[in-house]
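One structure is given here, and the rest of the page talks about it.
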Amino acid sequence: MVTAVARFVPSSLLVDALMVEDDGITIRAVSDAARARCPLCGERADRVHSRVLRILADLPRASVVGHLRVQVRKFFCDNPGCPRRIFSERLSDVALPHARRTVASASRRAAYCSRP
């Protein structure tokens, strides 16, 4: 069942679980990247500081509300010249930094709201 759901999630994420709840469907996923690049200096990082959970609103599927729960890692930037010591891995094909909606959901909403 989880592999069938994987087609709704970008290839950069691994689907961990599918949860059907009262408020809709939640897809739980994790990043499959071994490393991340610091958003300031571009240095590759592989030392994990911690993990956080991002909950993103996704497009409805068959009129059922969708949520994406992604476990995101925080990394240490080991570049001594970089002012950023800790950063979160970016999910550029899923959501913008600090966004509460997936890219697909945000673009659909923007298109809908910009109609005359």
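Tell me, please, whether a residue that is more than 9 Å from the chain's Cα centre (by Cα), modelled with pLDDT of 85 or more and of a type in the set (D, E, K, R) can be found in segment 66-73.
Yes - at least one qualifying residue is present in segment 66-73.
Taken as a whole, the structure leaves Pro116 outside the set of residues that are part of a strand (DSSP E or B), at pLDDT below 80 and not basic (Lys, Arg).
Please indicate, with yes or no, whether at least one residue in segment 46-54 is surrounded by 13 or more Cβ atoms within 10 Å (Cβ to Cβ), closer than 25 Å to Arg101 by Cβ and among the hydrophobic types (A, V, I, L, M, F, W, C). Checked against the condition, which is being surrounded by 13 or more Cβ atoms within 10 Å (Cβ to Cβ), closer than 25 Å to Arg101 by Cβ and among the hydrophobic types (A, V, I, L, M, F, W, C), segment 46-54 yields no hits at all. When segment 23-45 is filtered for residues that are among the aliphatic types (A, V, I, L, M), within 18 Å of Ser12 (Cβ to Cβ), surrounded by fewer than 18 Cβ atoms within 10 Å (Cβ to Cβ) and at pLDDT 90 or above, only Val30 remains.
The condition (being surrounded by 13 or more Cβ atoms within 10 Å (Cβ to Cβ), at pLDDT 95 or above and among the acidic types (Asp, Glu)) is satisfied by just one residue among Asp58, Asp78: Asp78.
When the residues of segment 95-113 are filtered to those that are surrounded by fewer than 12 Cβ atoms within 10 Å (Cβ to Cβ) and not in a helix (DSSP H, G or I), which remaining residue is modelled with the highest pLDDT? Selected residue: Pro97.
The values are calculated or read from the model by the stated rules, or taken from the named source; none is laboratory data. Only a predicted model underlies this, so the values are computations on that prediction, with no experimental measurement involved. In this analysis, Cβ positions are derived from the backbone assuming ideal geometry, glycine residues included, and neighbour counts consider all displayed protein chains.
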